[in-house]
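Structure first, then comments.
The values are calculated or read from the model by the stated rules, or taken from the named source; none is laboratory data. Treat the numbers as computed from the prediction; the structure is a model and nothing was measured. With ideal geometry, Cβ positions are generated from the backbone for all residues, glycine too; neighbour counts draw on all protein chains shown. Keep in mind that these areas ignore ligands, DNA and RNA; they rest on the heavy atoms of the full protein, side chains included. Shrake-Rupley method; radii C 1.70, N 1.55, O 1.52, S 1.80 Å.
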Amino acid sequence: MTRRRYTIEVMHGVNLDQLGRRDPLLYGTLTLPELERQIEGQAEQLELGTRFFQTNHEGAFVEHLHGLGEEADAIILNPGSWTHYAWAIRDALEIAALPAIEIHLSDVEHREPWRRVSVIRDLCFTTISGRGPDGYLDALSQMREELDRVRA
Ligand code: DQA
């Protein structure tokens with residue numbers, strides 16, 4: 001039997017286009033295109049389709065969430081520092097009404113106290129942080145299981 005193919009929207013927020021220039025101890029050494037290629041390869045193995053989006057503009061991130069509609073079945077998002085204070089992104093994620101996973105490359109729970117705050121956490125069925133690029137593989141397989149569960 002052919003497995004159903006879902007499309008996962010992978011959204012990167014502010015400053016994530018600068019991966020490769022940011023502190024490698026926190027964020028690793030991959031550039032964003034390299035990270036996206038890795039995610040795409042992992043997704044293929046799970047029979048998941050991917051779409052990628054990055055912006056440094058909060059309004060563009062919000063409008064992208066508004067426009068998802070039928071385009072994606074689920075969202076994996078790393079909003080960067082917007083995670084910690086951007087209530088407009090939280091509202092837009094709620095409007096998108098898709099299964100979502102919050103992800104961070106670094107271990108936000110064990111850095112500055114302000115990074116422990118997430119305005120999106122309770123809209124996401126799980127949060128993954130501190131696992132670097134490998135966290136995305138976890139996110140993809142957890143999302144695959146979640147979609148199989150909710151669409152069963
Ligand atoms: C980040 C963590 C945020 O606190 C930070 O502002 C980022 C990246 C991460 O992936 O670890 O830009 O989301």
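So what is the accessible area of the chain per residue, in Å², with the probe set to 1.4 Å? Display every interim value, and only then the final one.
On the way: 7730 Å² over 152 residues.
Per-residue value: 51 Å².
Classify segment 16-152 as rounded, prolate or oblate from the Cα gyration tensor: take a ≥ b ≥ c as the square roots of its eigenvalues, call it rounded if a/c is under 1.5, otherwise prolate when a/b beats b/c and oblate if not.
Rounded.
For segment 1-57, which GluC sites (Glu not before Pro) pass both filters: DSSP loop (anything but H, G, I, E, B) and at most 13 other C-beta atoms within 10 Å? Numbers along the way, then the final one.
Numbers: sites: E9, E34, E36, E40, E44, E47; in loops: E47.
Passing sites in segment 1-57 are E47.
Assuming a ≥ b ≥ c are the square roots of the Cα gyration tensor eigenvalues, decide whether segment 82-127 counts as rounded (a/c under 1.5), prolate (otherwise, with a/b larger than b/c) or oblate. Spell out each step's value before the answer.
Numbers: a/c = 2.89, a/b = 1.61, b/c = 1.80.
Oblate shape, in that a/c is at least 1.5 and b/c is the bigger or equal ratio.
When the Cα centres of segment 106-146 and segment 54-103 are compared, how far apart do they sit, in Å?
14
Could you please state how large a percent of the accessible area of the chain is carbon and sulfur, counting protein chains only and using a 1.4 Å probe? Working shown, then result.
Numbers: 3730 of 7730 Å².
Answer for the chain: carbon and sulfur cover 48 percent of the accessible area.
Residues with amide H under 5 Å of G13's amide H, sequence separation 5 or more or different chain, H placed in the peptide plane at 1.01 Å from N; which?
Those lying under 5 Å, H to H, from G13 are N78, G80.
In terms of modelled amide H atoms, which long-range or inter-chain residues lie less than 5 Å from the amide H of G49?
Y6, T7, I8
Explain nothing, just the number: relative contact order of the chain, from Cα pairs under 8 Å at least 6 residues apart, as a whole percent. The partial results should precede the final answer.
On the way: 251 pairs, mean separation 39.3, N = 152.
In percent, rounded to a whole number, it is 26.
So, with +1 on the Cβ of K and R and -1 on the Cβ of D and E, and no other charges, what is the size of the charge dipole of the chain about its Cα centre, to the nearest 20 debye? Display every interim value, and only then the final one.
On the way: 16 positive and 25 negative charges, 38 e Å.
I would put it at about 180 debye.
For segment 26-69, just say rounded, prolate or oblate: build the C-alpha gyration tensor, square-root its eigenvalues into a ≥ b ≥ c, call rounded for a/c under 1.5, and beyond that prolate if a/b exceeds b/c, oblate if not. Display every interim value, and only then the final one.
Numbers: a/c = 3.55, a/b = 1.28, b/c = 2.77.
Oblate shape, in that a/c is at least 1.5 and b/c is the bigger or equal ratio.
Scan around T126 for amide H atoms under 5 Å from its own, H built in the peptide plane at 1.01 Å from N, and keep only partners 5 or more places away or cross-chain.
Here the answer is E102, since their amide H atoms fall under 5 Å of that of T126.
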